[in-house]
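Structure record follows, encoded as C-alpha cells.
Only the coordinates and a few stated rules stand behind these numbers; no lab work does. Because the structure is predicted, anything quoted here is derived from the model rather than measured. Positions of Cβ are generated from backbone atoms using ideal geometry, with glycine treated the same way; all protein chains shown enter the neighbour counts.
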Amino acid sequence: MKILFIACLKPKTGNHTTAERIRSHIESAGHICELRDAGEFQSSADVNSLVTHYPPFEGALAIHLYRAGRLLLDMQLPFGVIFGGTDINEDVKVEHKRVVMEQVLRKARFAVAFTAKLKEEAEIHLMSQSSKIYVQPQGIQTEMADDFCWTEFLRSSEKR
C-alpha cells in the first residue's frame with residue numbers, strides 16, 4: 001500500500017521526530033510511505049494535484065487536525081489523523097480552526113490521540129462520536145523482567 005503522510009516537518013522538532021518514527025514503522029510493515037511537509041501545500045487542491053500526478057496513493061495520514069488534516073478534506077482517498085496537545089489545547093480555541101477540525105474528524109476513517117485525556121477533550125470540544133478515536137501513547141512503556149536483580153546489575157556495571 002502507498003500512503004501519503006502529511007505533517008509539519010520543521011527540523012529538530014517533536015512533530016518531525018514523531019512523523020519519522022511513524023513513517024519508519026509503516027515502511028517496516030511493508031508499505032510505501034511518502035512523508036511530506038504540510039508547509040509545501042497551500043490548499044487541499046495542491047494535495048489533490050499530488051495524488052493525481054503521482055498515483056497510486058491508496059490512503060493518507062496526517063499529524064494535526066488543522067495544520068495537516070485540513071489538506072485532506074477534499075481528497076477522495078481514505079485517511080486517518082493523529083492529534084495531540086496543540087490541536088486540543090490551542091487550535092480548538094479558534095472558532096474557524098475548530099470548525100475545520102470537526103470536519104476533519106467527521107471525514108477521517110480513524111483518529112489517534114496520544115493520551116486518554118486528549119481523547120476525552122476531543123470528545124467534549126470537537127465531536128461526540130468517540131468510536132473512531134483510538135489512544136496510542138507516544139512513549140514506550142517497559143517493565144523489569146521478574147528475574148532482574150538491581151544489586152547484580154550495579155555490581156556488574158562497576159566492573160566496566
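What the table below lists for this structure:
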read-out	value
Among the residues listed as 24, 43, the single one being among the hydroxyl-bearing types (Ser, Thr, Tyr) and more than 17 Å from the chain's Cα centre (by Cα)	43
Pairs with Cβ under 7 Å, 6+ apart, first in the stretch 9-26 and closer than 18 Å to residue 40 by Cα and without any contact (Cβ under 8 Å) to a residue 24 or more places away in the chain, second among the basic types (Lys, Arg) and surrounded by fewer than 17 Cβ atoms within 10 Å (Cβ to Cβ)	16/10
From 104, 112, residue being assigned to a helix (DSSP H, G or I), touching a strand residue (DSSP E or B) at 6+ places or on another chain (Cβ under 8 Å) and within 18 Å of residue 19 (Cβ to Cβ)	104
Per-region count, the stretch 1-45, residues within 16 Å of residue 75 (Cα to Cα), among the polar types (S, T, N, Q) and surrounded by 12 or more Cβ atoms within 10 Å (Cβ to Cβ)	2
Residue identified as over 23 Å from residue 25 (Cβ atoms) and surrounded by 12 or more Cβ atoms within 10 Å (Cβ to Cβ) among 146, 91	91
Subset of the stretch 127-140 (residues that are under 17 Å from the mean Cα position of the chain (by Cα) and not in a helix (DSSP H, G or I))	133, 134, 135, 136, 137, 138, 139, 140
